[in-house]
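Taking it in order: structure first as structure tokens, then the write-up.
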Amino acid sequence: GELFIAAAHGLTPRRIAGHGLSFEQMAYHPDGDRLATVDAQGEVQLWALAEGSCQLLRTFTGDRESMYWDLAFDPTGTLLVATQESGKIWIWGLHDPPGADPQQIVGGWAGGTGTELAFPPTGRWFARAGGIGGVTLWPIDSRRPFVLRGHTGPVKHLVFSPDGTWLVSAAIDGTLRMWSLKADSHDRGRVLCRMQRPIAETGQMEVSPDGRFVALTTGHGAVKVIPVNGAGMFELRVFQGRVLSVDIGPDGRTVAAGGGMVDPSEAVIRVYDLDGGEIIVLDGGDGQAIRQMRFTTRDNLLAASDGRLWRWNLATRSRELQFEGVNRFDAGPEGKIVVALRGGTSSPGDSGVAVVHDLERDTTVVLEAHGTSLLTAALGPLGKTVVTGGRDRIVRAGPAAGGEPHLLYGHRGMVKVVAVSPDGQWIASGSRDGTIRLWPMPTGRPFHTLPREELLDRLRALRSYRVNRDYSDPRGYSDEPVPFRGWETVPEW
């Protein structure tokens with residue numbers, strides 16, 4: 001259970017770390033400044049090597065039920081790959097978010113001994129030897145989605161930090177979790193706050209423009225203001241009943257809250273100045289609950305109120321109708337582009353279709369290809385991309401101008417919330433299955449829209465290859481493609 005290091009010319013080894021468990025496998029990073037180990041309980045760890053000492057950098061999750069046969073870094077030093085006697089292969093990215101699941105490959109040889117890994121200089125493939133005289137080649141793609149686990153209930157809210165380095169999630173289990181997206185962080189989804197009551201299905205959560213705090217609606221008349229640095233949270237007592245919506249102004253000192261779900265007299269917007277204590281009340285006089293809000297500038301606020309989207313002017317305390325038929329929405333830069341969810345005729349407050357409104361040009365595009373059972377929609381930072389999620393468990397991402405979106409599969413429950421990172425490179429989705437998924441923003445033509453032959457060519461190109469010893473071949477070996485296993489027979493179009 002101890003690590004020793006010695007120079008190649010024979011100096012006496014020096015003890016640099018104690019662990020308490022015996023180490024089963026070790027692998028040096030290509031740069032020589034880090035060391036990966038597997039202990040007797042199957043825990044994979046990454047250590048930083050320094051003069052006379054060793055510091056634990058990260059602990060990776062994996063499978064502790066099966067012995068690890070081999071452990072190796074790829075030549076680029078960005079991936080750590082391990083094989084197990086069960087036949088599983090695990091891939092951890094050193095640049096991945098700390099709490100993300102590793103990539104798992106199933107289909108190698110199970111059991112036996114003598115398995116080992118090898119990489120070409122490019123690092124885009126790895127070969128695994130094992131079984132009876134065979135080698136399997138696997139492609140490595142560093143651009144892949146990630147899964148974050150920690151919540152024990154459906155994920156209701158997600159917000160990226162303004163600089164995109166962390167993510168805050170809120171789930172019906174009553175917890176808010178902060179997920180670092182920086183590889184050098186030890187934060188694996190720490191609990192930012194535990195609520196005394198479950199987080200309501202309806203509501204809103206937003207982050208301040210300076211990233212200092214998040215604001216969350218509650219079901220008991222208050223808005224929770226939660227600093228991300230761990231300082232004590234506080235409440236803004238705004239209504240007697242449920243607070244339905246909240247947003248934070250561009251200056252980071254203004255918080256707006258909306259209510260009126262049960263009591264029509266509370267169907268107003270209250271805008272709080274956190275520094276000066278001033279309160280502005282915006283009342284449309286129609287008794288319609290304020291479902292969702294979004295600041296577009298310091299003095300302008302978009303608010304959805306039971307089927308209508310209004311633009312409020314805080315200076316004059318007046319409003320102007322933008323359009324009707326909206327349940328939930330997201331707004332692009334300065335509120336010029338809005339994506340809204342319109343409910344069906346049978347349940348206008350439930351799932352619906354996505355509609356993009358250009359408020360400057362007064363144009364509307366219905367995103368029919370996204371389906372009719374959507375629960376959430378978000379705009380990219382430039383207002384050109386729309387991401388949706390819904391009851392069919394699929395995340396869709398496509399142009400705001402319309403057309404076929406990319407289809408992102410993986411969730412096992414309906415998708416309750418989606419968000420796009422400030423740089424537009426990542427999508428976050430939260431689901432009823434309790435997981436959060438981070439997806440690279442897809443580019444190019446959606447896979448399912450390719451012509452039949454081009455699609456089949458793409459699938460053939462995704463094959464792995466099995467290499468076997470073959471003395472009858474002039475090369476001394478033969479390579480056999482492993483077919484795409486998604487279909488037993490190729491479907492007809």
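The values are calculated or read from the model by the stated rules, or taken from the named source; none is laboratory data. Quantities reported herein were computed from a predicted structural model and do not represent experimental measurements. Ideal geometry is used to build each Cβ from the backbone, glycine not excepted, and the neighbour counts take in all protein chains shown. All accessible areas refer to the heavy atoms of the entire protein, side chains included, with ligands and DNA or RNA removed. Shrake-Rupley method; radii C 1.70, N 1.55, O 1.52, S 1.80 Å.
Quick one: which of Leu3, Leu21, Leu11 is in a strand (DSSP E or B) and at pLDDT below 85? Lay out the reasoning, then the answer.
Numbers: Leu21 fails: in a strand (DSSP E or B); Leu11 fails: in a strand (DSSP E or B).
Every option except Leu3 fails the conditions.
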query: Since Lys336 meets every condition but one in (1) open to solvent by 70 Å² or more (accessible area, probe 1.4 Å); (2) closer than 30 Å to Val262 by Cα, which condition does it not meet?
result: (2)
query: Restricting to strands (runs of 3 or more DSSP E) lying wholly in region 352-456: which have 2 or more residues that are touching a residue at least 60 places away in the same chain (Cβ under 8 Å) and within 23 Å of Ala340 (Cβ to Cβ)?
result: 415-420, 426-431
query: Can you name the residue in region 54-110 that is over 17 Å from Arg149 (Cα atoms), crowded, with 19+ Cβ neighbours inside 10 Å and polar (S, T, N, Q) and is also modelled with the lowest pLDDT among such residues?
result: Gln84
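Does Glu360 count as acidic (Asp, Glu), open to solvent by 60 Å² or more (accessible area, probe 1.4 Å) and under 25 Å from Ser208 (Cα atoms)? I'd like the intermediate steps shown before the answer.
Values: acidic (Asp, Glu): yes; open to solvent by 60 Å² or more (accessible area, probe 1.4 Å): yes; under 25 Å from Ser208 (Cα atoms): no.
Judged against the criteria, Glu360 is not a match.
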task: Hey, can you tell me all the residues within region 162-180 that are touching a strand residue (DSSP E or B) at 6+ places or on another chain (Cβ under 6 Å) and closer than 25 Å to Gly252 by Cβ?
output: Trp166, Leu167, Val168, Ser169, Ala170, Thr175, Leu176, Arg177, Met178, Trp179, Ser180
field: Residue that is farthest from Pro102 (Cα to Cα) [pool: residues in region 39-60 that are assigned to a strand (DSSP E or B) and polar (S, T, N, Q)]
entry: Ser53
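Those residues that are open to solvent by 30 Å² or more (accessible area, probe 1.4 Å) and at pLDDT 90 or above, I need them from region 208-228; list them, please. Steps first, answer last, please.
Initial filter on region 208-228 (open to solvent by 30 Å² or more (accessible area, probe 1.4 Å)): 209-210, 212, 219-220.
The answer is Pro209, Asp210, Arg212.
Given Asp306, Asp283, which one is over 27 Å from Met233 (Cβ atoms), under 34 Å from the mean Cα position of the chain (by Cα) and of a type outside the set (Phe, Trp, Tyr)?
Asp306
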- request: Check Ala289, Ala340, Ala303 and return the single one that is part of a loop (DSSP other than H, G, I, E, B) and out of contact with any Ser or Thr (no Cβ under 6 Å at 6 or more places or on another chain).
  value: Ala289
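If you check Arg253 against the conditions, is it more than 24 Å from the chain's Cα centre (by Cα), farther than 22 Å from Ala304 by Cβ, among the charged types (D, E, K, R) and at pLDDT 90 or above?
Working: more than 24 Å from the chain's Cα centre (by Cα): yes; farther than 22 Å from Ala304 by Cβ: yes; among the charged types (D, E, K, R): yes; at pLDDT 90 or above: yes.
Yes; evaluated as a whole, the condition is true for this residue.
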- request: For Glu360, state whether it is of a type in the set (D, E, K, R) and more than 17 Å from Phe329 (Cβ to Cβ).
  value: no
field: Single match in Gly252, Gly285 (criterion: out of contact with any strand residue (DSSP E or B) (no Cβ under 8 Å at 6 or more places or on another chain) and over 24 Å from Val417 (Cβ atoms))
entry: Gly285
task: Starting from residues that are open to solvent by 30 Å² or more (accessible area, probe 1.4 Å) and not in a loop (DSSP other than H, G, I, E, B), keep the ones in region 163-202 and report whichever is nearest to Gly99 (Cα to Cα).
output: Arg190
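Give the residue that is surrounded by the fewest Cβ atoms within 10 Å (Cβ to Cβ), with candidates limited to residues of region 40-53 that are over 23 Å from Gly189 (Cβ atoms) and of a type outside the set (A, V, I, L, M, F, W, C). Show your work before the answer.
Residues of region 40-53 over 23 Å from Gly189 (Cβ atoms): 40, 49-53.
Now drop any that are not of a type outside the set (A, V, I, L, M, F, W, C), which leaves 51-53.
On the way: Glu51: 7, Gly52: 9, Ser53: 13.
Checked region 40-53; the qualifying residue surrounded by the fewest Cβ atoms within 10 Å (Cβ to Cβ) is Glu51.
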